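The values are calculated or read from the model by the stated rules, or taken from the named source; none is laboratory data. Note that the structure is a prediction, hence the values are computed from the model and not measured. All Cβ positions, glycine included, derive from the backbone under ideal geometry; neighbour counts span all protein chains shown.
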Amino acid sequence: MLKRFIRNLFSERGDDYTFYRSNGSDFTFLERAGLYVHIPFCRNKCPYCPYYKINYDRDKAYKFKESLLKEIKEYGHKFKYRTVNSIYFGGGTPTLLINEIPDILKNIDKYFNIEGEIALETNPAEITKNLVIKLRKMNFSLISLGVQSFQQKFLDTLGRKYTVKTTEKAVELLVNGGFNTINIDLMFVLPNQNIKDIEYDIDKALSLGVDQITFYPLFTFPYTSVGKLKKLKNIGLPNHYRRKKMYYYIYKRMKKEGFRQTSVWSFNRYGNKTYSSVTRDYYLGFGPGAASYNGKGFYFNVFSVDEYIKMIDDKLPIVLKMSVSNRMAKLFWLYWRFYETYVPVGRYRDLFKSDLYTDFGKLLKFIEMAGFARRNNDILELTIRGSYYIHLIQNYFALNYINKIWDKSWGNVKPDNISL
Ligand SMILES: C[S@@+](CC[C@H](N)C(=O)[O-])C[C@H]1O[C@@H](n2cnc3c(N)ncnc32)[C@H](O)[C@@H]1O
Ligand code: SF4
């Protein structure tokens, strides 16, 4: 019911939320976009993880890299010297290909005009002094580390194959590595976790000097190992009451520590650059399962390393596209600004050449009257209540959609259509 309510709030008659088969031949690149490179390999697959990845294999990783270079070249020829305002390496575990990344960056640099930050996410078991030196040499400036918890019992529950000692050492090496921002991911609403446990994790993170913390409640996706074990049909959501209590604790504590909220789940020390891989206006994704968005459509690459390697020999590895109407594009933009916790009203005017309140007056009035946001000159800011509810919407709405695409695409690498 909530899903239908949210959907009605956000869409109108004629909006078609369906992905159809596409080879991406109509893909256009607008003035500037963020690049995302998906490295789909992990050494140990975590049972709860929904992201597209396979077990690391040296030969396959090498073939994958060769295909990735072909994909970059293909787009590079089509959109030579367009400006790229950030590059994010995600996964999977991108550092498993650390010795291949210089070649990947060199090829991106050959075809695109790179401005902005180069960022990467990884896992504590990967971090050594040598790796930190290599990352600095390649000009990575934002790093995100999937810590999840500083307590062994929770790492064990999650099936993470490293110790707390390894985690703390990894954070120390990164914090002293000369990067702009070190983000760590922490999880909450874990089985048997209480507020004291969260307090402990935050204390530890602050004492180690991290610049940004991103807090994720643990979701159980139906198609992950845990989801299959529990025979889930829909995403398993953490307990509402515990989640709300924990979320409010995190929010108030991080503000008290002088951190700035940069998304519904991230808090950043004032003055630091924000690590955020999902909030670009437009983006181009390379690698299997990567998504691209250019304001006119969402495109998905095939969700299989083998198919990706096969397809790239004669065409782009895109298999799905959802067309986006002008109104949908405005809504997506608005949604991501709420996700970032504030909406710059003037920027909407510049981008869409129309007035935000004329286009979405009813929706915004509802949001303001419900106490979810307040207007402060040219900015519409989320309140703590709004922040909690947008994080709920992110769960119910976005994750249900993402879940549907990922679930169907894993089952059938070339589906004819996926209706959301
Ligand atoms: C691609 S993973 C992180 C990078 C790296 N592979 C790692 O595991 O440390 C991005 C983050 O998503 C979060 N995450 C993964 N599965 C999740 C789930 N089922 N529910 C909530 N957050 C999840 C974790 O906090 C993780 O650090
Ligand atoms: S959470 Fe990270 S390390 Fe674990 S399977 Fe997912 S991408 Fe791999």
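Within the stretch 285-298, the set of residues being surrounded by fewer than 23 Cβ atoms within 10 Å (Cβ to Cβ) and in contact with a Gly (Cβ under 8 Å, 6 or more places away or on another chain) comprises Ala291 only. Total residues in the stretch 52-66 satisfying the condition of being within 16 Å of ligand 2 (Cβ to nearest atom) and surrounded by fewer than 17 Cβ atoms within 10 Å (Cβ to Cβ): the figure is 3. From the list Leu69, Leu97, Leu120, Leu142, the lone residue that is aliphatic (A, V, I, L, M), in contact with a Pro (Cβ under 6 Å, 6 or more places away or on another chain) and surrounded by 18 or more Cβ atoms within 10 Å (Cβ to Cβ) is Leu120. Within this structure, Tyr81 passes the test of being more than 10 Å from ligand 1 (Cβ to nearest atom), surrounded by fewer than 17 Cβ atoms within 10 Å (Cβ to Cβ) and either modelled with pLDDT under 95 or not aliphatic (A, V, I, L, M) (or both).
Looking at the stretch 280-359, the strands (runs of 3 or more DSSP E) lying wholly inside it that each contain 2 or more residues that are over 27 Å from Ile54 (Cα atoms) and at pLDDT 90 or above sit at 342-344. Listed conditions (1) modelled with pLDDT of 90 or more; (2) over 21 Å from Lys321 (Cβ atoms); (3) away from ligand 1 (no atom under 12 Å from the Cβ) are all met by Ile39, apart from (3).
Listed conditions (1) without any contact (Cβ under 8 Å) to a residue 60 or more places away in the chain; (2) within 14 Å of ligand 2 (Cβ to nearest atom) are all met by Leu158, apart from (1). Considering the stretch 360-378, the residues that are outside any helix (DSSP H, G or I) and hydrophobic (A, V, I, L, M, F, W, C) include one that is farthest from Ser292 (Cα to Cα), namely Ala370. Inside the stretch 165-191, residues that are out of contact with any Ser or Thr (no Cβ under 8 Å at 6 or more places or on another chain) and either surrounded by fewer than 20 Cβ atoms within 10 Å (Cβ to Cβ) or free of Cβ contacts under 8 Å to residues at least 12 places away in the same chain (or both) make up a count of 9. With respect to (1) surrounded by 19 or more Cβ atoms within 10 Å (Cβ to Cβ); (2) more than 21 Å from Ser149 (Cβ to Cβ), the lone exception for Thr224 is condition (2). Can you tell me how many residues in the stretch 75-108 are more than 16 Å from ligand 2 (Cβ to nearest atom), outside any helix (DSSP H, G or I) and of a type outside the set (Ser, Thr, Tyr)? Looking only at that region, the number is 8.
Exactly one residue among Asn268, Asn272 is part of a strand (DSSP E or B), within 22 Å of Ile184 (Cβ to Cβ) and not small (Gly, Ala, Ser), and that residue is Asn268. All of Asp59, Asp103, Asp16 fail the test of being over 21 Å from the mean Cα position of the chain (by Cα), more than 16 Å from ligand 1 (Cβ to nearest atom) and without any contact (Cβ under 8 Å) to a residue 12 or more places away in the chain, apart from Asp59.
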